[in-house]
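Please read the structure below before turning to the comments.
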Amino acid sequence: QQPVQSPQAVILREGEDAVINCSSSKALYSVHWYRQKHGEAPVFLMILLKGGEQKGHEKISASFNEKKQQSSLYLTASQLSYSGTYFCGTELGNQFYFGTGTSLTVIP
Amino acid sequence: DGGITQSPKYLFRKEGQNVTLSCEQNLNHDAMYWYRQDPGQGLRLIYYSQIVNDFQKGDIAEGYSVSREKKESFPLTVTSAQKNPTAFYLCASSIDGASGGKQFFGPGTRLTVL
């Protein structure tokens, strides 16, 4: 049931771009994205509620392809502060599931 | 300031003891959640509650119990039946239980069984 994310881990240099994918074996009706810094609680980034919706703020954006049952998170011109683990999340049935997670490390 | 508080931040327990983790929110949210996170792993849902006096099991509810007597409070009890309770426990809330509701997380409680 848990959405699968790829890649599992990625290392970037400051200024580089990254894409994190989230795929589900079941139909998606909405997708959440969160970022968690080491030892801290996850922090909400954005929700996509409709297939085809794209959202973003500053240099972090996301898209939602309902037909393909997947969502992608785009990080452009990465900053050191972007480091952390990114989770997608979705409601399947009556329960909320977080994805497997993607560890992103930005180095100088 | 509105938010979610969890206490204690660190908790040590001897094997065979029950322990209760506190979660309080003043956001006036209807829905509350408990997640477990193991090192290097994602978040797994233990229990959730969409309204006072009602709650549902998540995928890993065995060995845990909850109550929701007040809207603001959703305590989690880790019982001695939980075989491997050492983990990071996160409480969250959302305006309602619908999929459009973003979740706000508390700072977490790190439980270690000695």
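Over both sides of the A-B contact, add up the buried accessible area with a 1.4 Å probe and give it to the nearest 100 Å². Between A and B, the summed buried area is about 1600 Å². Rg and Dmax of the protein assembly as shown, both derived from C-alpha coordinates alone, stand at 17.4, 51 Å. By accessible area, using a 1.4 Å probe on protein heavy atoms only, the protein assembly as shown has 49% of its surface on carbon and sulfur. Taking the square roots of 5 times each eigenvalue of the Cα gyration tensor of region B:48-114, largest first, gives ellipsoid semi-axes of 22, 14, 11 Å. For region A:43-48, 3J(HN,Hα) computed residue by residue from phi via the Karplus equation (6.51, -1.76, 1.60; θ = phi - 60°) reads 10, 5, 9, 6, 10, 10 Hz, glycine and proline entered as x. Suppose the Debye formula is applied to equal point scatterers at every Cα of chain B; what is log10 I(q)/I(0) at q = 0.11, 0.13, 0.15, 0.23 Å⁻¹? Ignoring solvent entirely, the Cα scatterers give -0.31, -0.43, -0.58, -1.35.
For chain A, compute Rh as the Kirkwood radius over C-alpha pairs and then the Stokes-Einstein diffusion coefficient at 20 °C and 1.002 mPa s; write the answer in µm²/s, rounded to an integer. Display every interim value, and only then the final one.
Working: Rh = 13.7 Å.
Answer, rounded: 156 µm²/s.
Taking the Cα centre of chain A as origin and assigning +1 to Lys and Arg Cβ atoms and -1 to Asp and Glu Cβ atoms, the resulting dipole is close to 200 debye.
Can you tell me the accessible area per residue over the protein assembly as shown, all protein chains present, probe 1.4 angstrom, in square angstrom?
Details: 10950 Å² over 222 residues.
Normalised by residue count, the accessible surface of the protein assembly as shown is 49 Å².
The values are calculated or read from the model by the stated rules, or taken from the named source; none is laboratory data. Only a predicted model underlies this, so the values are computations on that prediction, with no experimental measurement involved. Every residue, glycine as well, gets a Cβ built from its backbone with ideal geometry; the counts of neighbours run over all protein chains shown. Each accessible area value is taken on the protein alone, full model and side chains, heavy atoms only, with ligands, DNA and RNA left out. Shrake-Rupley method; radii C 1.70, N 1.55, O 1.52, S 1.80 Å.
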